Each structure stands twice: as C-alpha cells, then as structure tokens.
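Report on one structure; see the data block that follows.
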C-alpha cells in the first residue's frame, strides 16, 4: 500500500510541476493557488514535508501578491524534484 501511495503522489507531483512550470500566462493566480494547495495536502499525506512547506509558502505569496512568488515557485519545483528522486529510489 505504501508503494501505491508513493507512486500516486509521484504521478500527481509530476503533473502539477509541469502545470506550475507553464508560462504565467497559461494560468492565473487563482489556478496556481489551487495547484499549490492541492500539492500541499498531498505532500503532507505522504510525509513530504519540505514539499508541503514550499507549496504553502508559494500559495501564501500568491494570495498576498508577493513579488517573491516566482522564486518561491522555483523552490517548490526543486523540492518536488528532490522528493520524486527519493521516491524513485524507494520504488
């Protein structure tokens, strides 16, 4: 069951990261907030707390119109890649 859950999270994280990497014109702030929020919850459920923290910071920045949101998105994408690598080692 653990491997199934990790595999599901890995697929979801991959899909969401592709959507987050899309040019800003491809998704408004509201859509990005929803993506970050979804990822935050999923990451917490599998114990990927660094991803969850990065998603929360990004979501908060988007909600506040914080100019650092692009940098925080980059951090989130890096955390996603790190956890995907760790999952690949497990699977």
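Bear in mind that the values in this text are calculations on the coordinates, not laboratory data. Since the structure is predicted, the reported quantities are computational estimates derived from the model, not experimental observations. Positions of Cβ are generated from backbone atoms using ideal geometry, with glycine treated the same way; all protein chains shown enter the neighbour counts.
What FRET efficiency would be calculated for the residue pair residue 91, residue 53, taking the C-beta separation as r and a Förster radius of 22 Å, to the nearest 0.05? Step by step, r from the Cβ atoms, then E = 0.40.
Between residue 70 and residue 37, what length in nm is gained on full extension when 0.36 nm per residue of separation is reduced by their alpha carbon distance?
Details: separation 33, 0.36 × 33 = 11.88 nm, distance 1.62 nm.
Value of the extension gain: 10.3 nm.
Between 0 and 90 degrees, rounded to the nearest ten: what's the tilt of helix 2-21 against the longest Cα principal axis of the chain? Here the helix axis deviates by roughly 20 degrees. Counted over the range 2-90 with a bin width of 5 Å, the fraction of Cα pairs per bin, in whole percents, is 3, 16, 29, 26, 15, 8, 3, 1.
Between 0 and 90 degrees, the angle of helix 29-46 with respect to the longest Cα principal axis of the chain falls at about 20 degrees. With respect to the chain, whose longest principal axis is taken over its alpha-carbon atoms, helix 49-64 is tilted by about 20°.
Please work out the FRET efficiency for the pair residue 4 and residue 60, using the Cβ-Cβ distance as r and a Förster radius of 35 Å; give the result to the nearest 0.05. Working from the Cβ atoms, E equals 0.65.
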